[in-house]
Amino acid sequence: MTKIFTLTKKISKHGNQSIIVIPSFLKEELKPKTIVELKITVIKENEDVNQA
């Protein structure tokens, strides 16, 4: 059975990497080795991003 969850998240930073934190209520649904399809739609870009 396919389950669909829609999350709106702010991208976090972990060292030099940007990450998406998954809420703990999905812990039982997203166990290790679970295959998911992840689609990312940018809703608003951060205006404070430093240009490299």
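The values are calculated or read from the model by the stated rules, or taken from the named source; none is laboratory data. Since this is a predicted model, take the numbers as computed values, not measurements. Here Cβ is always computed from backbone atoms with ideal geometry, including for glycine, and neighbour counts include all displayed protein chains. The protein model used for the area step is the full one, side chains on, heavy atoms only, and it has no ligands, DNA or RNA in it. Shrake-Rupley method; radii C 1.70, N 1.55, O 1.52, S 1.80 Å.
Results, tabulated for the structure shown:
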| item | result |
| --- | --- |
| Pairs where the first residue, in segment 1-30, is open to solvent by less than 90 Å² (accessible area, probe 1.4 Å) and the second is not in a loop (DSSP other than H, G, I, E, B) and not hydroxyl-bearing (Ser, Thr, Tyr), C-beta under 9 Å, 6+ apart | LEU7/LEU26; SER12/ILE19; ILE19/LYS13 |
| Subset of segment 31-40 [open to solvent by 100 Å² or more (accessible area, probe 1.4 Å) and among the β-branched types (Val, Ile, Thr)] | ILE35, ILE40 |
| Unmet requirement for LYS33, which otherwise passes all of (1) outside any loop (DSSP other than H, G, I, E, B); (2) at positive phi | (1) |
